[in-house]
Every structure is written in structure tokens, then in C-alpha cells.
Amino acid sequence: MRVVILGAAAGGGFPQWNSNAPGCRRARAGDPAAKPRSQISLAVSADNTNWFVFSASPDLRAQIERFPFLQPKTGLRSTPIQGVVLTDGNVDAVAGLLNLREVEAFSIFATGTVLGVLDENPIFEVLARDIVRRVRVPLDEPLLLPLTKGGASGLTLTLFAVPGKVPLYLERPGAAPPTVEGEETVGAEISDGRHRVFFIPNCARVTDKLLARVEGADALFFDGTLWRDDEMIRAGIGTKTGQRMGHISVGGPDGTLAMFENCSIARRILIHINNSNPILLEDTLEHAAVAAAGWRVGEDGMEVEL
């Protein structure tokens, strides 16, 4: 199994288009310690030929052009992308579907709730339903991912609930949405029968149930949005905490590094990293703390081969 990070940043990317914060300025200036990153997306294959994309980043078209293994190989029109797996309905997870609208067959895999978000927005009808299948994936039920033209891909997908919230654009005005554990925000377990990889780009807290599920995993790609809960407020670039947005912090006694400290996982990689997070800067104490804890800060193009 081959896993490639197509984009490691949270919504807006790094640098973010309208941010003049110090980290974004360093990235624009070409500082080697502040590597640019596109918005969150992962590609997985069991055979290096047929690929499944996890999260359809708004940057997906540019990501396809950057990574030749996602580009057409046969005929005048084709794609090695067999399917797109959605773990939530946020803009940075679904907007990239609109890049795939040129009458090409593939499948969309998601919970019924996330598929409902697509169904309610007519713009996604540009993905013709007689060509692009929408496949409802029940929670905790393994699904053998099929190839578009039939046959097995060699990969099994299991979606499972993690603590999260509804997308920002679906929130009711004046009401802070509760953290829920259902079909709104899910993690994905991908297996080739020998190895297990987990993709969890959004998670509000780490539960005992989640720790038990990922124990012994070969790789974990996990929510690294913010270093601390009030990070954006302190930086003067936002008004919401990480918890208000549905994200656990990386640092702190209840953060990701601490919660997974005693969990046996072969490779630990932080993804969905906001442009405000100091772990993006390789000369910071926070970046060093991530490395010391046995984690890696995700980068575009980073690969795990199992």
C-alpha cells in the first residue's frame, strides 16, 4: 500500500491567500524553514495504478498536475482516480469535487449525512449521477473499494465516527453547534489486508474508543490544525477557539501529543495544519516538540509505503 499526502494544510492553505502573518510571509519569501502546503488531501493505492483520494481539496486540480501518478495514462480521456472518500462536508473536503466534473467515471464514498450535504447543493449535480456514483458507506461496516470498471482495488475502507461538528456553512446563526459523534465527522481506516492506515483530518477530542481503534496501526494521519486552543485569538487573526471549530490542539496536557503518548502506532503524521500553527515553521520549539514526541509534521508529497 502506498499513501501520499497531496496537501497537508487546513482550509486556506499555507500561505493563506489573504494572510500577512509572519509565517505566511516567510513561506511567500521562500524561507526553507516555512515550506508552503496546499489544502488537505490524501491519495492511497494498493497497486500503484489505481488510486483513491481522501478529501477533495479545493487544490485538487493543481495536486493532480503536481503528482504524475494521478494523471491520465490511456486514451484521450481517462483517470487513475477510482474514487473520492469524504470524511466530512467541510468546504476544504468537498469543493475539489468540482474539479472532476468533465464527464469522467469515478465513485464518491461517504456517510449518508455527508452525501446529503452534496444532494442539497445543486452545484454538485455537475457530477452527472449516471457517471459518478454516490456510494453511502454505513459506519463501522468494512467496504471493499471497487474499481470503476469492475474488480477489486485491494483496499478495504471502514468509516467510523469521531467527535466533531457540522461544517461552518451549515451552522445556525447565533447558535454554537455542539460536538457530536456521528456521521457528520468521521475517520477512515484503510487496509490492504496486511496493513492499517488511519486518516482523521478533523477531530475535537481523543476518546478511549478512538485510542483502542488505532492501537497497532501502521500509520496515522491526524488532525494537526492548531497548536493551542486559543491560537488564532492570540494571534489576532480569528475569534474562535479550536474546540469551537471542532479541532483538538496538538500541544497541552489534553492535546494530541499527550493523548497518543502511550499508543503503539508505527508512523504518526500531523495533517490539516492551519497557517497559524507554529509547527509549520521548522525552527520553532513547537516543531521540535512534535519531533521529540515521535510525530512528523505533514508536507505535500510526503509518502508512506507499506
Residue under evaluation residue 280, criteria (1) within 28 Å of residue 196 (Cβ to Cβ); (2) over 15 Å from the mean Cα position of the chain (by Cα); (3) free of Cβ contacts under 8 Å to residues at least 60 places away in the same chain; (4) buried (at least 17 other Cβ atoms within 10 Å of the Cβ), criterion not met: (3)
Qualifying helices (runs of 4 or more DSSP H) (wholly inside the stretch 189-306; at least 2 residues being modelled with pLDDT under 95): 231-235, 242-245
Breaking point among (1) touching a residue at least 40 places away in the same chain (Cβ under 8 Å); (2) over 19 Å from residue 197 (Cβ atoms), for residue 297: (2)
Inter-residue pairs, beta-carbon under 6 Å, first free of Cβ contacts under 8 Å to residues at least 40 places away in the same chain and in the stretch 98-120, second assigned to a helix (DSSP H, G or I) and of a type in the set (Phe, Trp, Tyr), 6+ apart: 118/124
Within the stretch 40-159, helices (runs of 4 or more DSSP H) holding 2 or more residues that are farther than 28 Å from residue 203 by Cα and at pLDDT 95 or above: 60-66
Residue count for the stretch 87-111, restricted to those that are farther than 15 Å from residue 39 by Cβ, charged (D, E, K, R) and either buried (at least 21 other Cβ atoms within 10 Å of the Cβ) or in contact with a strand residue (DSSP E or B) (Cβ under 9 Å, 6 or more places away or on another chain) (or both): 2
Residues (in contact with a Ser or Thr (Cβ under 9 Å, 6 or more places away or on another chain), crowded, with 21+ Cβ neighbours inside 10 Å, within 22 Å of residue 5 (Cα to Cα) and not aromatic (Phe, Trp, Tyr)) located in the stretch 215-231: 223, 224, 225, 226
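The values are calculated or read from the model by the stated rules, or taken from the named source; none is laboratory data. The structure presented is a predicted model; accordingly, all values stated were derived computationally and were not measured. No Cβ is skipped: glycine too gets one built from the backbone with ideal geometry, and neighbour counts run over all protein chains shown.
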